[in-house]
Structure formats: structure tokens, C-alpha cells
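> Before anything else, here's the structure in question.
None of the figures in this text is laboratory data; all of them are computed from the coordinates on show. Values in this document were obtained by computation on a predicted structure and should not be read as measured data. Note: ideal-geometry Cβ built from the backbone for every residue, glycine included; neighbour counts use all protein chains shown.
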Amino acid sequence: MRKTSAWPLSQMCVALIVYASLYPFDHWRDQGIWSWSFLTAPWPKYWLGFDVVANVLGYAPLGFFLTLSAMRMGWQTRVVTLSTLAAAVLSLAMEGLQSYLPARVPSLPDFLLNTLGAWIGAVLASSLEHLGLLRRWSQFRERWFVRDAYMALVLMAVWPAALLFPVAVPLGLGQVWERVEDALTSAFDATPFEDWIPLRAFELEPLLPGAELLCVMLGLLVPCLLGFGVIRQAGQRFLYMLLVLCMALGVSALSAALSYGPVHAWTWLDLPVMLGLIFGCVVALFFLPLSARTAWTFLLLALLVQQSVLNQSPESAYFAQTLQTWEQGRFIRFHGLVQWLGWLWPYAVLMLALVRVSRDRSTQN
């Protein structure tokens, strides 16, 4: 069976759909109705274009990656039907569970739109395969990447999506310690385990401009080193570095536009951030001709330093107000799709880098 990055991407889609469908995960209760009574309920009188698009696009990637992974694993018949059916079962389960959440309203149109989105994604994957376009991607992958690059490719692919969630420091993914500490304190408050929570020995201080510059530089360097660990040649690495820089600028501007309005799309690009981006590119150029093992080793170091600096600073009050815009209203599902990516992406890269470095050492021994 051929390993393919489409399979872990499809499982990531499942996890994100479950989160987005069941958010905010509280006030579960039996409302005295059958879980799938929405299938026979009257259709809603009012439709929002945003909801229609969100339901279709939310399941299209799942159908695409399920179909692609099935074809990569050797299935050639009825892959579109089976992928669409699998996505429909997931949608049916999510809509049924929403009947236990007062904040969510299950509906037959949502289920049908989700299934339609999965079918569109499945048909697109099948069509691209039969037209030979995906075969060209396979050839491109063999020229550019090492054989066991599929997990790194998954993380490289989701990095732009992780940047969409607003962050306190540009490219500063993984700033979770303050939230984890608050969640643990709240969870164990007034319980026998409240004394188990370690008390912070110091107050979190806002980042100085130099520390912000360092975090931005490392935030650009980390995805570059991730790619350098699996990209074959220096010239290819240089083109990839330019792509990372463009994605960092473009997606960060889009996130700012969604958070603060289009007028403020570039307000985040102040002097420390610009210098951080420049220094990140300069340092990345140094690693272009070096070995993949060196890239993986310094990737570990860069992640540890960045997370140590980021998680010793608090989120600003203004930034907390921005998150409320995402966590309420029309951004609620979009928030659910990208929030966990922004929090967990650096730690997933850290685990992959640890595996690669340890494997390289065991191979040498």
C-alpha cells in the first residue's frame, strides 16, 4: 500500500469538521426529541449565503482527500460513491449530535449541502486523476521531495491555514500556555486537585521589540526548515523559501483584514516584523546548501526557542477582543476550523522533527 499525504489530510478534515460541528461543546442535554428528527422537520424559511457556502466548502476537502487517498491505495471503482457516502455518514452523525446542543440547530439542508460538498470534492479528485493532472503532481513530488516526505507535506500544506487564526505576534503560532494555565485553574477550582496546579513564579510580560523580531524571524524560519528537511536541491529550496515568504505576507494580511477590517490589513507589518522577515530570509539562505539532517536539527532548536519566548508573554486585551469576533457570530465555524491548527501546528512539527532526528541518529549508529 502506497503512503500518501491525502490520508492524514482527510483525517485532519474529519477532526476539524467534528470540532466545528459540535462547538462550543457545552450545555449538553436531552431536549426530548429524536436525534434525527431534523430529517422530517420543515425546511427553514430563511437562507444565508454564508451558511450555504460554508456547508458546501466545509465538506469538499474531505470528499477530495478521501477519494484521492482511496485511489492512491489502489481502489479504482466506486471511489466517488464510497467517499461521498462516508462523508454523508459523518454529516448525519454531526447533525444528530447537534440535537443535544441548545446552541446548535440541526437541519436537513445542512446535511444535504454537506453531502453535496463532499460529492463535489470527490468528483474533482476523480476527474483530476483521470485527466492525468494528479499524475503530474506525483512526478513533481518525486523530483522535489524525498520518498518519506508525506507527513512533512501535510504540515507544510496546513501552515497557511494555521496562520488565518489571529495571533498576538505575527507568525507566532503555538502561544497556548496562558490559555492552558487558565483552563486548568478553572477546571480544578474548588476540587481536591486545585493545589496540584503549579503557581506561576513570575508575571508574564509583554514582548519587547527585540523579542518580537526574534519570534517573527523564527516563525518564518520554521516552515522553511521543515521544507528543507524533505526538499532535494538548493535551487528548489530557494523557490520554496520565496513561496513561504509570500504565504506569510498574504495570509497574515488576510487574517488581519478578517479581524480588523480591510483598511487594517497591513497594520501588523511594523518595523520589528519587517526586520524579522528579512532576518528570517537571510538565515534561511544559509541553510540552503546544508544537509536535511542539519535542517531537522536546527528546526528543533528554532521551535524550542520560539515557543519559550512566545509563551512567556501574555495576550493583549485588544487581542482578546479580536478573538471574540472570531468566536462569535458568523466566524464561529471558521474559528473552529483554524483555531486548533494555530495552536497545535508547532508541536506537531516538533514531534516530526524529533522522530526524524532520532531516526537519522539510529541509522548512523
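> With charges only on Cβ, +1 for K and R and -1 for D and E, what is the dipole size of segment 94-185 about its Cα centre, in debye, rounded to 20?
The dipole magnitude comes to about 500 debye.
> Let me ask something additional. For each of THR40, THR81, count neighbouring Cβ atoms within 10 Å of the residue's Cβ, then give the residues from fewest to most.
Listed from fewest to most nearby Cβ atoms, that is THR40, THR81.
> Shifting gears a bit: Can you tell me the dipole magnitude for segment 25-163 around its Cα centre, using point charges on the Cβ only (Lys, Arg +1; Asp, Glu -1), in Debye to the nearest 20?
Dipole size: approximately 480 debye.
> Okay, next question. HN-Hα J couplings of segment 254-264 from phi, Karplus 6.51/-1.76/1.60, θ = phi - 60°, integer Hz, Gly and Pro as x?
Ordered by residue, 3J(HN,Hα) equals 5, 4, 5, 5, 5, 7, 10, x, x, 5, 9 Hz.
> What nm distance separates the two modelled labels at ALA15 and SER291, each placed 7 Å from Cα along Cα→Cβ?
3.1 nm
> Here's another thing I want to ask about it. For segment 104-167, what is the convex hull (Cα atoms) projected area averaged across all directions, in square nanometres?
That works out to 7.2 nm².
> Could you derive backbone 3J(HN,Hα) for segment 209-221 from the dihedral phi with the Karplus parameters 6.51, -1.76 and 1.60 (θ = phi - 60°), listing whole Hz in sequence and x where the residue is Gly or Pro?
Per residue, the Karplus-derived 3J(HN,Hα) values read x, x, 5, 5, 4, 4, 5, 5, 4, 5, x, 7, 5 Hz.
> What does the charge count around PRO102 come to, taking other residues whose C-beta lies under 12 Å from its C-beta (Lys +1, Arg +1, Asp -1, Glu -1)?
So the environment of PRO102 carries a net charge of 0.
> Could you work out how far the C-alpha centroid of segment 99-113 sits from that of segment 253-304, in angstrom?
40 Å
> Order of 58-67, 164-173, 106-115 by packing, highest average Cβ count within 10 Å first?
58-67, 164-173, 106-115
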